[in-house]
Each structure stands twice: as structure tokens, then as C-alpha cells.
Amino acid sequence: MPAPAAVVPAPLGFNDEVVASHDVRVLRDAQHRSVIIYGYWDQTTLIIARDEAAFTELGQRLSTTRQQ
């Protein structure tokens, strides 16, 4: 009986993605869940978040507070 094939984990590293129409970098774990995500919301604001939903929520809150 042949030996089972070894499972090689995907190399960890940041990937370029787009979240809420913003270019971001995302580090994902072996199950493809985001570990950390970061990107500029505007020219002066860098958002560092746990996942896409948090990144989007933080950006929306920043946009709301700047309008007031």
C-alpha cells in the first residue's frame, strides 16, 4: 500500500487584495482566514484590522467622523 501523500502547507505571506474599493495587504492562515489586513483608507490614514469586515467598518466610522 503506498504511503499517503504529504500535505504541504501553503507558504504564508501577504497578498494584495481589494476591500471596500481600497488596495490592501492580507495575511491569511492555512484555512484561508485573514490573520491581519492593512491598507490606506485615504492619503494619511492607515487601517490595520483583523479581517475585511473590521477594515470596512473602521473606514466607514472614520468617514462619518470626518464629515461632522
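Details
- Matching entry among VAL35, VAL26 (being touching a Leu at 6+ places or on another chain (Cβ under 6 Å), within 18 Å of LEU12 (Cα to Cα) and not aromatic (Phe, Trp, Tyr)): VAL35
Yes/no matrix, rows are residues, columns are (1) in contact with a Cys (Cβ under 6 Å, 6 or more places away or on another chain); (2) closer than 16 Å to ASP16 by Cβ; (3) in contact (Cβ under 8 Å) with a residue 12 or more places away in the chain:
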residue: VAL26; (1), (2), (3): no, yes, yes
residue: HIS32; (1), (2), (3): no, yes, no
residue: ILE36; (1), (2), (3): no, yes, yes
residue: GLY39; (1), (2), (3): no, yes, yes
residue: THR44; (1), (2), (3): no, no, no
residue: THR65; (1), (2), (3): no, no, no
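Since every read-out is calculated from the coordinates, none of them should be taken as a lab result. It should be emphasised that the depicted structure is a prediction, and the values quoted were computed from it without experimental measurement. Here the Cβ is made from the backbone with ideal geometry for all residues, glycine too, and neighbour counts use every protein chain on show.
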